[in-house]
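Asker: The structure's right below; bear with me while I get my questions together.
Throughout, read-outs are computed from the coordinates displayed, never taken from laboratory work. Please read all numbers here as calculations on a predicted model, not as lab measurements. Using ideal geometry, Cβ is built from the backbone for each residue, glycine included, and neighbour counts are taken over all protein chains shown.
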Amino acid sequence: MLVLSGTIGAGKTSLTSLLADHLHKPAFYESVDDNKILPLFYKNPQKYAFLLQIYFLNKRLDSIKAANADDESVLDRSIFEDSLLFHLNADLGRATATEVDIYDSLLANMMEELPDATHKKNPDLLIHINISFETMLARIQKRGRSFEQIDHDPSLYEYYKELDQRYVDWYNNYDKSPKMQIDGDKLDFVEDADARRQVLQLIDEKIATL
C-alpha cells in the first residue's frame, strides 16, 4: 500500500494516477469534488471544521479497507495528515478542545491494529511530495477552486503559510511506516516527462528496498 502525502497543490492526485498506471494497480482518491462539506467549511470554518474532518476520516478508512483487496494499491493522501489539518484548525480557533479530544480518540481507535485483523491500516510506504510555499500558492490559483482562492478570502494566505510550515515537522516526525520524499519543485512530474520518469524510478528503487 503506497500512500501519497503533501500540502495543497503538491501533486498527490497526479502522482497517484501515474503510479497506478505504472504499477497497473488500483488508485484511491480523496473525496473533494463531490464533498458537499468542503465549500461550507471555507465559508464558515468554525462551524464545519469538526464535521469536515470526521467526513474525511470516514472516507479515508473506507479507502484503506478497499485498498487492502489488492496486493498493491495507491492512495492519494495519508489518513495521518487529517490530524495535522484538524489540529491546525483547532489552533486557529475553529474547533473546541472537546472536539479535538473526540477526534484524536476516534482516530486512535480506528487505526488500532487488532490481533485478528485481516487488513493492515498503516501503509507500506509513505511518499511525501515537498513543494515550496510559492509553488503551493501558484497551483492553488491555477486549479481554480473558488473557495480556495486568496482573492476570495485574504485570510487564507496565513492559513496556507502555517500549513506549509507544519508539514515540515509532520514529515520529520512521521514514523508509521517507511517513508521517502520527492522534491516537487525540482522534479515537476506534472509538466515534465523527464521528471516523471525520474520520480517513478526513485519510487521503484525505494520499493525494491522494502
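Asker: How far apart, in nanometres, would the label points at residue 138 and residue 21 be if each is projected 7 angstrom from Cα along the Cα-to-Cβ direction?
Answerer: 2.2 nm
Asker: Highest GNM mean-square fluctuation, the chain, Cα pairs closer than 10 Å: which of 77, 145, 166?
Answerer: 145
Asker: Can you spot the aspartates and glutamates whose alpha carbon is less than 17 Å from residue 179's alpha carbon? Ignore those fewer than 8 places along the same chain.
Answerer: The qualifying aspartates and glutamates are 72, 76, 81, 124, 169, 204, 205.
Asker: Ok, one more. In whole Å, what three semi-axes, largest first, describe the equivalent ellipsoid of segment 39-181 built from its Cα gyration tensor (square root of 5 times each eigenvalue)?
Answerer: For segment 39-181, the semi-axes come out at 27, 19, 14 Å.
Asker: Let me ask something additional. Take the Cβ-Cβ distance between residue 192 and residue 71 as r, set R0 to 35 Å, and report the resulting FRET efficiency rounded to the nearest 0.05.
Answerer: 0.70
Asker: How charged is the neighbourhood of residue 170? Take every other residue with its Cβ under 13 Å from the Cβ of residue 170, and add Lys/Arg as +1 and Asp/Glu as -1.
Answerer: Its environment carries a net charge of -2.
Asker: Are any of the pairs 12/43; 25/161; 121/142 more than 29 Å apart by Cα-Cα distance, and if so, which?
Answerer: Long pairs (Cα-Cα over 29 Å): 25/161; 121/142.
Asker: Let me ask something else. Largest first and in whole Å, what are the equivalent-ellipsoid semi-axes of segment 132-210 based on the Cα gyration tensor, each being the root of 5 times an eigenvalue?
Answerer: Working through the eigenvalues yields semi-axes of 28, 18, 9 Å.
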